[in-house]
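Some notes on the structure that comes next.
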Ligand SMILES: O=C(O)CCC(=O)Nc1ccc(C(=O)O)c(C(=O)O)c1
């Protein structure tokens, strides 16, 4: 087992999958050891001697964020990439006024209702570059008592041969796709980081990037982002039809957009077709695939460590929910007994293709993308273009790039996990809603029963 609890030892023990959950305050230390990291752990000196960093995110508490860096790193140059405009942008810049090492890059959001949702870190050390892709805002509440997901790259060494967009790429095209994602911002503040990436050897990256960038993507770009990128990756690297066409698909998320008046509008045709893609899929429709969605019930939120306030980060609104009652029949409760996180509400977003016996998985995706067309994209003009509103990013784990097997052995039982087990954030099989279970909705009152702090939820 683990010698010390130094972050670098937790990191090493979790290789090669390198998938972590955030540490949770208020649960047994048994569940805050292996395969868990705090933000301080990620930024710790044991992980590398930081020279400068770049933080992509949606929400930032600047003084708190600086406090998470070791004292010796708090003056290093820090670029924060956000999507705020107007007053929110001014507020962010005001919060950083006294930190002369902090600069900002405002991601352009030209599509209405889009957000800069991407949560990613570039960490430049004296001996190389590390990339972290995760699901938590850079605010204390997101790292305190929630279930959040993190993928941490190895330290990518510098190329001896100078900058190259192609040299130092991996079999998963991690370098090409990361540069393509960052280039899509067309932001001069990111130029130095594009240069850093091009000067490093990312050939040890063993996951695929699935990103979203706002726009109407057509022709070859249609497969560069969103659910069409996932469809392409599964077409090339997914499970073979004979093995997995009868396996279910799981979606797990912390918010939901407007998906239409029936499942055929987007969820069960366009979106599920991408998630259910198997290697070499022709356009012939496959046998129906079971689609199970994990989304917290009112009771999950009420009895959580945070109580009803956990629901402040699960923004499913009544005006959206009332238009899609058909969706709620797909829902399953949040259960994470194996990870000791039954009461740590999910802000993580994951999608996977488990076996019907629940002990294996053909692939696993951790991402910032919720169940929304804004995040994943919606096909337009007879499927000739993919319209995406938000910036998102996630990583796709494919067994053959990580383990000597065509599938992952998977389990949430962290205490029993072997070195090659994919340690899941939630229990399988998913547990269906009971007849009395209701999906959490954040902008209606919940005052039948008090929460774990004895309070009711009365949003005005
Ligand atoms: O946009 C929609 O489809 C519905 C509203 C919504 O979901 N908003 C939102 C904004 C920020 C975050 C975040 O925390 O970055 C999250 C999240 O991650 O759940 C969700």
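The values are calculated or read from the model by the stated rules, or taken from the named source; none is laboratory data. Keep in mind that what you see is a predicted model, and the values were worked out from it rather than measured. All Cβ positions, glycine included, derive from the backbone under ideal geometry; neighbour counts span all protein chains shown.
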Regarding segment 250-260, can at least one residue be identified that is more than 14 Å from the ligand (Cβ to nearest atom), touching a residue at least 12 places away in the same chain (Cβ under 8 Å), on the phi < 0 side of the Ramachandran plot and surrounded by fewer than 22 Cβ atoms within 10 Å (Cβ to Cβ)?
no
Regarding residue 295, is this residue modelled with pLDDT of 95 or more, crowded, with 21+ Cβ neighbours inside 10 Å, closer than 30 Å to residue 459 by Cβ and in contact with a strand residue (DSSP E or B) (Cβ under 6 Å, 6 or more places away or on another chain)?
yes
Just name the residue that is surrounded by the fewest Cβ atoms within 10 Å (Cβ to Cβ) out of those in segment 135-148 that are within 11 Å of the ligand (Cβ to nearest atom) and not in a loop (DSSP other than H, G, I, E, B).
141
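The rows are residues; the columns are (1) out of contact with any strand residue (DSSP E or B) (no Cβ under 6 Å at 6 or more places or on another chain); (2) in contact (Cβ under 8 Å) with a residue 12 or more places away in the chain.
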{"position": "372", "(1), (2)": "yes, yes"}
{"position": "398", "(1), (2)": "no, yes"}
{"position": "409", "(1), (2)": "no, yes"}
{"position": "413", "(1), (2)": "yes, yes"}
{"position": "416", "(1), (2)": "yes, no"}
Taking residue 108, is it without any contact (Cβ under 8 Å) to a residue 12 or more places away in the chain and assigned to a loop (DSSP other than H, G, I, E, B)?
no
Every residue in segment 215-257 that is over 24 Å from residue 290 (Cα atoms) and in contact with a helix residue (DSSP H, G or I) (Cβ under 9 Å, 6 or more places away or on another chain), please.
215, 217, 222, 223, 224, 225
Inspect segment 351-360 for any residue being within 25 Å of residue 399 (Cα to Cα) and within 16 Å of the ligand (Cβ to nearest atom) and give the result as yes or no.
yes
Does segment 400-423 contain any residue that is within 16 Å of the ligand (Cβ to nearest atom) and either in a loop (DSSP other than H, G, I, E, B) or surrounded by 23 or more Cβ atoms within 10 Å (Cβ to Cβ) (or both)?
no
Would you check which residues across segment 373-399 are within 16 Å of the ligand (Cβ to nearest atom) and part of a strand (DSSP E or B) and list them?
378, 387, 388, 391, 392, 393, 394
Would you be able to tell me the number of residues in segment 108-134 that are surrounded by fewer than 23 Cβ atoms within 10 Å (Cβ to Cβ), within 18 Å of residue 188 (Cβ to Cβ) and either at pLDDT 95 or above or within 12 Å of the ligand (Cβ to nearest atom) (or both)?
3
For residues in segment 329-350 being within 16 Å of the ligand (Cβ to nearest atom) and not in a loop (DSSP other than H, G, I, E, B), which is farthest from residue 451 (Cα to Cα)?
350
